[in-house]
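Accompanying notes for the structure given below.
The values are calculated or read from the model by the stated rules, or taken from the named source; none is laboratory data. Being a predicted model, the structure only gives us computed values, none of them experimental. Neighbour counts are summed over all protein chains in view; Cβ atoms, including those assigned to glycine, are modelled from backbone coordinates with ideal geometry.
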Amino acid sequence: MVKRLILILTVSAVLNIPLFSQNVSRDDVLYDIVRKKGQAEVIISSISEQALNYITGKLSVASVKDGKVHIILSPRTIEWFISQRYDYEIIERIEAKGVSVPADIEESMEWETYPSYTQYDSIMKKFSADYPSLADIDTIGTSINGKLVLAVKVSDSADIDEDEPEVFLTSSMHGDETGGFILMLHLADFLLKNYPGNARVKNIVDNLEIWINPLANPDGMYRTGNTISSPTRFNANGVDLNRNFPDSEEPGKIPEKETADMTDFLRRHRFVLSVNFHSGAEVVNYPWDRWFRLHADNDWFYRISRNYADTVHKYSVPGYMTFLDNGVTNGYDWYKVNGGRQDFVTYELQGREVTIELDDDYITPLNQLGPLWNYNWRSLLGYIENALYGIHGKVYSALTSVPVAARIFIPQHDKDNSNVYSDSLTGRFVRLIEPGTWDLLFTAGGYRDLLLTDVTVEDDQAADIDVKMYPEINPVDTTDTAFPVLYPNPAGTFIKAVLPERQYGRINVSIFTSSGVKISDYNTNYDKGFPVYIDVTGFSGGVYTVIFTNTASGIKDKGRFVVLRR
C-alpha cells in the first residue's frame, strides 16, 4: 500500500538540534504537539520485557516493531511519561492531503472518501430505509460529547430476535484508525446489496445475526467537529478505550461512558464470534493479550487467524499483512495489553474475538480505501462463516422440553472460562472448536450432570446435537451453604465445589499439596447454580487443600479433598 511520509524528530537531551530554537526543549516540543493535535507519537528503544510490560500498564502502546516501542501520548499521560525521563524520539506524521468530505451520500457510498459525521449517520439510516427486512439500526450508546455509537444488524429478518448465532464486527475504538471505519460500512452495504443474488452472502445472512459497528469512538475520529481533521486515538477524556475494559489484573478500573455502553451491549448479546479492527500494523492478533499462557482453543484461534491472513495474501499486493508470523500473532507474543476488548469478550463473556490490524498507516489514504476493501472482503466473509461451524445444539429438560441454561465444559481441555453456556430462553449454544472428537460435560442447577462423549467435529461443518437433561431431586449443586462443599470426595477425575454466595463472581482457585506446595493457580467465574469444577485427572493420589478467593472482595474460603489412585 502507498505509505505517507513520516518525519522522525530525534532530539538529544544535551545537544541542541537546529530543528528547534536553543530555548525550546524536546519536552516543550512534545507538550506543544499534544496541545495542538490532542496527542503525540513517540518511540523508545532498547527496553526489557519487564519494562515494556510496565509501560503498557501506564501508557497507550500502539505497536512494537523492530525493537522500538511506539507510544501515543494524550493530555492525560504526557506528564507521567516526561517524569520518567525516557530517551525518546518524536514522530510527526505528515497527513495525506485531500481528506475531503464527499459532496453527498451517493458519493460517500462509493467508499473512496471519508464521510462527515452527519453523512455517516445518514448512511446508517439509509441501510434500514432501503432494506427494511434485512437491516435494523440500534444505538449502542453515546459518546461523552453526545455523538451516537451506532450498529446495523444484518439478517434475513432483522426486525426479529431470531434463535440464531450472533456475530459482531466493530472498528475504530481508536479514532485516528480510519480504514476499518470505511471497511465496515462497505461490508454492510455489500451484504445488503448482494442478498439474495450471492449464494454465499445469502447463507450467511439467512443463518446468522450479523452486527456491524463501524465507529466505536466518534469523539476521537470527529474530534474537531463534523469532519475528520486531526483525529485522535483517544476519546474526549483522553482515554484509550481499548485499555479501558474490565480486567482481572486491574480491579476497580473506572469505565469511560463509551466503554460502559459497549460492555452493556456485549453482555446483552453474548456474541458467539466477534472482531475489532484497528490500524498501525498489518496483522491478525488473537488472545491472550494480557497473559503469557495460551487459550484452551489456541489451535482454533491460530487456524482462523491464519485463514484470514492467507486469504488476504491471495488478493493483495506482495508485502501486505506479512508482519510477525506472516500476518498472524498471539497478542502477548507481540506486546502485553491490559484492559483490551478482545480479552474481555473472550474471558468474561466466553466469546471468541480477535483484533485485526488493517494498515500500517493510522489514517488510510483515500486512494487506498478501494484496495483495502479488495484485499479484505473475502477474508471478512470467511471470518463470519466461522460462526456456522463447530458444535451447535440445544439443551432442554427431558421431562418437560423446557430450555435449560447449562454450562458446557470440555474435560481436560477447557480452562480460563473457555467453556460456554446455553441460552436461558432457548437452550441454544454454540461451541467453536477445532475439528476432532470431543467429550462435552453439561451441568445445570437442578439437573443431573450429563457427559456426552465422542461428538465429532469436521472441518467447516456444524455438528448439531440435542441434549436432554434429567432433573435431580434436592441437588447439592443448588444448596445454600456457609462454607465450601466439595463432592464427590474422594474423587479420581473431577470434584465439584459449591461455594457460599460471597464468592459469586470472579474467583481465584489455588490448590496445594499436603506439604504446602502450590500445584495449581487459576481464575474462573462462580455463578449461582453452577458449581466450580476442579479437574484432578493429573493429580497424584493424596490430600489437597484448595483456597477460593473472590478477586473483587478478597474474601477467602478453604476446603480439602482427597484424590484416589489405584
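Among the residues of the range 304-323, just one is surrounded by fewer than 19 Cβ atoms within 10 Å (Cβ to Cβ) and at positive phi, namely G319. Those strands (runs of 3 or more DSSP E) of the range 24-119 in which 2 or more residues are among the polar types (S, T, N, Q) occupy 60-65. A single member of D477, D464, D527 is of a type in the set (D, E, K, R) and modelled with pLDDT of 90 or more, and it is D464. Pairing each residue of the range 550-566 that is under 17 Å from Y504 (Cβ atoms) with any residue that is basic (K, R), provided the two are 6+ apart or on different chains, yields C-beta distances under 6 Å for T551/R506; I555/R502. Cβ-Cβ distances below 8 Å connect the following pairs, each with a first residue in the range 355-381 that is crowded, with 19+ Cβ neighbours inside 10 Å, a second residue that is among the hydroxyl-bearing types (S, T, Y) and part of a helix (DSSP H, G or I), and a separation of six or more residues or different chains: I356/Y308; Y375/Y315; S379/Y308; S379/T311. Within the range 369-393, the set of residues being small (G, A, S) and not in a helix (DSSP H, G or I) comprises G390, G393. Quick check, is V532 at negative phi, surrounded by 15 or more Cβ atoms within 10 Å (Cβ to Cβ) and modelled with pLDDT of 95 or more? So V532 does not fit the description; no.
Here D343 clears all of (1) crowded, with 18+ Cβ neighbours inside 10 Å; (2) out of contact with any Pro (no Cβ under 6 Å at 6 or more places or on another chain) except the condition numbered (2). Might you let me know whether the range 301-311 holds any residue that is in a loop (DSSP other than H, G, I, E, B), in contact (Cβ under 8 Å) with a residue 40 or more places away in the chain, among the small types (G, A, S) and assigned by TED's automatic domain parsing to the domain that holds L380? No; the residues of the range 301-311 include none that is in a loop (DSSP other than H, G, I, E, B), in contact (Cβ under 8 Å) with a residue 40 or more places away in the chain, among the small types (G, A, S) and assigned by TED's automatic domain parsing to the domain that holds L380. When N235 is tested against (1) within 19 Å of G141 (Cβ to Cβ); (2) under 17 Å from the mean Cα position of the chain (by Cα), just one condition goes unmet, and that condition is (2). Restricting I71, I140 to those that are within 19 Å of N244 (Cα to Cα), modelled with pLDDT of 95 or more and assigned by TED's automatic domain parsing to the domain that holds T232 reduces the list to I140.
Each residue in the range 142-176 was checked for being over 23 Å from S60 (Cβ atoms), touching a His at 6+ places or on another chain (Cβ under 9 Å) and part of a loop (DSSP other than H, G, I, E, B), and 1 pass. Within the range 426-458, being among the aliphatic types (A, V, I, L, M), over 19 Å from V167 (Cβ atoms) and in a loop (DSSP other than H, G, I, E, B) holds for one residue alone: A444.
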